[in-house]
Amino acid sequence: MLDARIPSGAINEHWDNHRDSISLVSPANKRRFTIIVVGTGLAGASAAATLAELGYRVKAYTFHDSARRAHSIAAQGGINAAKNYPNDGDSIHRLFYDTVKGGDYRSRESNVYRLAQLSVEIIDQCTAQGVPFAREYGGLLANRSFGGAQVSRTFYARGQTGQQLLLGAYQAMMRQVDRGTVELHTQTEMLDVVVKDGRAVGIVTRDLVSGEIASHPGHAVLLATGGYSNVFYLSTNAMKSNVTAAWRAHRKGALFANPCYTQIHPTCIPASDEFQSKLTLMSESLRNDGRIWVPVRAGDTRPPDDIGEPDRDYYLERRYPAFGNLVPRDVASRAAKVEVDRGKGVGPLANGVYLDFDEALRRLGPGTVRERYGNLLDMYQRITGENPYETPMRIYPAMHYTMGGLWVDYNLMTTIPGLYALGEANFSDHGANRLGASALMQGLADGYFVIPYTLGDYLAPHLGEGLVPGDDPSFVETERRVTARTEGYLSIGGSRSVDWFHRELGKVLWEYCGMERSADGLRRAISDIDSLKEDFDRDLRVLGTSSTLNQSLEKAGRVDDFLQLARLMCVDALHREESCGGHFRVEHQTDDGEARRDDANFSYVAAWDWNDGHEPVLHREPLTFDHVKPAQRSYR
Amino acid sequence: MHLTLRVWRQDGPEAEGRFETYEAAGIHQDMSFLEMLDLVNERLLTAGREPIAFDHDCREGICGSCGLMIDGRAHGPQGSTATCQLHMREFSDGDTIVIEPWRATSFPIVRDLVVDREAFDRIIEAGGYIGAPTGSAPEANLTPVPKETSDAAMDAAACIGCGACVAACPNGAGQLFTAAKVAHLNLLPQGQPERWMRVERMVETMEEYFGSCSNHGECEPACPKGISLDNIAMMNRDYLLSKIRNRKLGGY
């Protein structure tokens, strides 16, 4: 049985009780520990900066040329916090409640409560760092309401909130680099975790410019390496986002939790052609003022301006009068799919729905609309060549975020002692569906305020122990395997590019493990993925050598890991005989097409064991709900 | 569209570079510039030739990874647009397009179109932050910031660190990048305690790596985020004030 190490007492005292009882490492002793942080996004950079301030020796790794380029930078809409500045009824309990409910009762109450508590401190921290959050004329911080919330608790920096929060964390980390307390390795990709006597003792990396494989010992390893949406090929993630660090840890013994919990974002720009390399997200803050509609009649190809009000179906407002256009992401996404599948899709490929600012432009005026959404609307125009101030935008759901990830306990430690997972790389806080503006909150909570406390509890008993040297057999053997794997891709000498395999994998997953899943489809997907993986091992073609910058070679390793992960996602989706959040099984829906959970049988975290590559083995962490009573979610 | 590409190829930092010419047929106008390069790479691979290395990641104009000199212009012909947001509808059938990496000695070429912009990180390290150790922050609304100030700080903070400003500058100067960060932090009340130290250290670090600014103003139009030259004026003013009045010792 998995022990999540949830503290005792009333839920609002869990974190305090825990902090009061776990071990500390004294300031003088912290510098005797070397901490490895992989990834420099919100979670990684905030953890590296904070741990270095505390006195730990931190080594941070990113495959980018600068830590500032992590994909956290692309988050647009905002960050939630229970500040209740607008005096509209928000509280820590309400943020906690909304997050558990939004996650469709598949998250761990205790973690979520802590997240809501820490949200308040994050805003203080970021403001002190100079994050230019939006402000009112009186000089105080502004808030807005964000997808699925009935209070205004979202802080934002225009449509670039992720950028500004990341730059805050990046700058805090660079300050430590300047002081010599963080050793930063750029253009360095982690390719394996080193485990000795059951504990994480370091990592093996490849220098992406020189190709050098190297060992890096540490007393603890923190993975803050993001999510795995790119397994779908077309997603809103950056092109380099991948699962490799987490997957390599999984193969070394870390359980992987809820891989089938993936989030489709409702407001992205629809694909325009077969060469599409990624999908661009339009912040769902647009749903605050934009109205979503399709033509009433299927196959209506008239331009939007020619379709009068009676011929328009504002289907979210019609189906969900209470929440309207602001229903949670999973609900909004599926509703769009229903309309497009009915033949009501709009645009040249009939693959989108309208998001219309006409009413907002009349109500607020173009100035206010531009102030709120200007950069998003400009981006839309640049990509599509259409002017959203004059004609409705076209949007469609796309893969965006993954709630699943490495299983962690309350301390954020995986099932490998000394190995931690932070931010999107772990599974812990969002259940089966994440609410808008909560990813930034979780990444920063983990990095700034959770790991600095919980890490000491693991390290304290190991005080005085040296690092496992880089020439230890555990490192030598890992380096050998990493080298063999890397060289192996070059020696296959097949005929197909790594991108080809990635695209094919994406098609299979989107079809069978995307917005809707069925048992038959998932079985088919597993068999398709198995044969695709066989083809990959036999027919991949990567040119060049391993001793220079070789972008195809980098990608080969990432796609190899995606192929393995994709299979596990389907296995997980097949075993979960219910619908919840982002996981929608067509066999399990209510009469009006909403997700139907099965709390009696599936109220648990599914944590999978790699099992040496044989059929994965399921471990369960039962979920109990003492404070939020599970109910059928209703947004009517 | 049928295009002819002249692309800078260079096998490594020390290797001799050269232009190679590729025919790019069947290019759709809705493709992004980088998707066009993806397609060219796919065809090169099929022909048994190594793909063109180029930097890119988010492909939505915010990570700052991409950056190409396209027909001699940083990020190409469309204003306020990063290379990844440039679409082929900006070009015409039959065009010849010259594609080069950023041209600046402070950004050494890693391979083909990929350059190393680490010098930017050195400038940030030197003071592009506000020292606010985690946990020590006061309640956020204790310090009101006038909306105009906050907006101006945000305008400057929008910089994505792509390096187009340096590439566009005849001197390879790093003023616009540095000034954007100085302005973002020096405008805010939270940034005041380190204001003078920040500007001195950042400017002096910048000068170690980059050329000198001689007011050509090429940087602003090349900037995909429209960062204003005004920031350079503010940086220069703060630098001079700090030097002349020795504010560092004055304590404010």
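Which percentage, to the nearest 5, of the DSSP beta bridges contained in the range A:25-171 is antiparallel?
Roughly 50 percent of the beta bridges in the range A:25-171 run antiparallel, per DSSP.
Per residue of peptide B:152-160, the mean number of Cβ atoms on other chains within 10 Å of the residue Cβ is 5. The residues of chain B expose on average 38 square angstrom of accessible surface per residue, using a 1.4 Å probe on protein heavy atoms. Between B:49, B:59, B:18, the Gaussian network model of chain B with springs among Cα atoms under 10 angstrom shows the greatest mean-square fluctuation at B:49.
If the cut-off is 12 Å between C-alpha atoms, which aspartates and glutamates fall inside it for residue A:337, apart from same-chain ones fewer than 8 positions away? Hits, sequence-local ones excluded: A:516.
Could you pull out the GluC sites (Glu not before Pro) across the range A:160-213 that fall in loop regions by DSSP (anything but H, G, I, E, B) with no more than 12 other Cβ atoms inside 10 Å? Provide the component values of the computation, followed by the final result.
Details: sites: A:183, A:189, A:212; in loops: A:212.
Qualifying residues, ordered by number: A:212.
Surface exposure of chain A, expressed per residue as accessible area with a 1.4 Å probe, stands at 32 Å². Just the number, please: Stokes-Einstein D of chain A in µm²/s, Kirkwood Rh from C-alpha pairs, 10 °C, 1.306 mPa s. Calculated translational D: 64 µm²/s. Helical runs assigned H by DSSP (4 residues or longer) give chain A a calculated mean residue ellipticity at 222 nm of -11500 deg cm²/dmol, each run adding -39500 (n - 2.57) before division by the residue total.
The angle separating the long axis of helix A:358-384 from the principal Cα axis of greatest extent in chain A is about 50 degrees.
Applying a threshold of 31 Å to the alpha-carbon distances of A:101/B:147; A:507/B:225; A:533/B:225; A:30/A:252; A:240/A:629; A:59/A:196 flags A:101/B:147; A:507/B:225; A:533/B:225; A:240/A:629 as lying beyond it.
Among bridges DSSP assigns within the range B:3-111, what percent are antiparallel (round to 5)? Looking only at bridges with both residues in the range B:3-111, the antiparallel portion is about 75 percent. Peptide B:119-131 shows a mean partner chain C-beta count of 6 within 10 Å per residue C-beta.
Give, as a single signed number, the net charge of other residues whose beta carbon lies under 13 Å from the beta carbon of residue A:451, with Lys and Arg counted +1 and Asp and Glu -1. My count for the surroundings of residue A:451 gives -2.
Need one value for A:273-281: mean number of C-beta atoms belonging to other chains within 10 Å of its residues' C-beta atoms.
6
Compared with its chain on its own, the range A:511-552 contains the following residues whose accessible area drops by 50 Å² or more in the full protein assembly (probe 1.4 Å; ligands, DNA and RNA excluded): A:541, A:543, A:549, A:551. Ordering A:617, A:60, A:354 by Cα displacement along the dipole of chain A toward the positive end leaves A:60 in first place; charges were set at the Cβ atoms of Lys, Arg (+1) and Asp, Glu (-1).
Comparing the full protein assembly with the isolated chain (1.4 Å probe, heavy atoms, ligands and nucleic acids excluded), the residues of the range A:357-384 losing at least 10 square angstrom of accessible area are A:371, A:379, A:382, A:383, A:384. Contact with the other protein chains removes 10 Å² or more of accessible area, compared with the isolated chain and a 1.4 Å probe, from these residues of the range A:153-170: A:158, A:160, A:163, A:164, A:167, A:170. Of the peptides B:82-94, B:164-176, the ranking by mean beta-carbon count within 10 Å, highest at the top, reads B:164-176, B:82-94. Which stretch or stretches of the range A:326-342 have amide N atoms under 13 Å from the point lying 7 Å from residue A:298's Cα along the Cα→Cβ direction? Residues passing the 13 Å test: A:338-342.
Judged by the ratio a/c of the largest to the smallest principal axis of the C-alpha gyration tensor, the range A:426-482 counts as oblate, that ratio being 1.5 or greater while a/b is no larger than b/c. Judged by the mean number of other Cβ atoms found within 10 Å, the most tightly packed of the peptides B:4-10, A:54-60 leads the ranking A:54-60, B:4-10.
Rounded to the nearest 500, what is chain B's calculated 222 nm mean residue ellipticity when only DSSP H runs of at least 4 contribute -39500 (n - 2.57) each, over all residues? Value at 222 nm, helices only, nearest 500: -10500 deg cm²/dmol.
Net charge of the neighbourhood of residue A:478, taken over other residues with C-beta under 13 Å away and scored Lys/Arg +1, Asp/Glu -1, is +3.
Interface size, chains B and A: roughly 6500 Å² of accessible area buried, both sides included, 1.4 Å probe, rounded to the nearest 100.
Under a point-charge model restricted to the Cβ atoms of Lys and Arg (+1) and Asp and Glu (-1), what is the dipole moment magnitude of the range B:154-252 relative to its Cα centre, in debye to the nearest 20?
For this selection, approximately 400 debye.
If R0 is 30 Å, what FRET efficiency do you get for residue A:462 and residue B:136 from their C-beta distance, rounded to 0.05? So the FRET efficiency works out to roughly 0.60.
Counted over chain A, the DSSP beta bridges are approximately 70% antiparallel. First compute the accessible area of the protein assembly as shown with a 1.4 Å probe, then give the percent of it belonging to carbon and sulfur atoms. Its accessible area is 48 percent carbon and sulfur atoms. Can you pull the Kirkwood radius for the range A:504-603, inverse mean 1/r over Cα pairs, to one decimal in Å? Over the range A:504-603, the inverse of the mean reciprocal pair distance is 15.2 Å. Other residues whose C-beta falls under 15 angstrom from the C-beta of residue A:4 contribute a net charge of -2, scoring Lys and Arg +1 and Asp and Glu -1.
The values are calculated or read from the model by the stated rules, or taken from the named source; none is laboratory data. Note that this is a predicted model, so its numbers are computed, not measured. Please note: Cβ atoms are built from the backbone with ideal geometry, for glycine as well, and neighbour counts cover all protein chains shown. Each accessible area value is taken on the protein alone, full model and side chains, heavy atoms only, with ligands, DNA and RNA left out. Shrake-Rupley method; radii C 1.70, N 1.55, O 1.52, S 1.80 Å.
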